[in-house]
Amino acid sequence: MAKIVVKQVKSQINCPLTQKKTLVALGLKRLGQSAEHDASSSILGMVNKVKHLVSVTETK
């Protein structure tokens, strides 16, 4: 399965609570932090929900 690296690039200050909880579920607690995940449908759905706050790169 493909791996993706999700990095938080924008602040979560004025975001709804559901988006803040999604970032925590992805393992992102502060600006500039990154986390590696499998590219499953649930992870990709969470990334899509906060796509304006994160950047995604694919790894091998």
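Values for this structure:
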| quantity | calculated |
| --- | --- |
| Alpha-carbon Rg/Rh ratio, for the chain, with Rh computed the Kirkwood way | 0.94 |
| Probe 1.4 Å, protein heavy atoms only - accessible area per residue of the chain in square angstrom | 67 Å² |
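The values are calculated or read from the model by the stated rules, or taken from the named source; none is laboratory data. The structure displayed is predicted, hence computed values, not measured ones. Side chains are part of the model used for accessible areas, which takes the heavy atoms of the whole protein and leaves out ligands, DNA and RNA. Shrake-Rupley method; radii C 1.70, N 1.55, O 1.52, S 1.80 Å.
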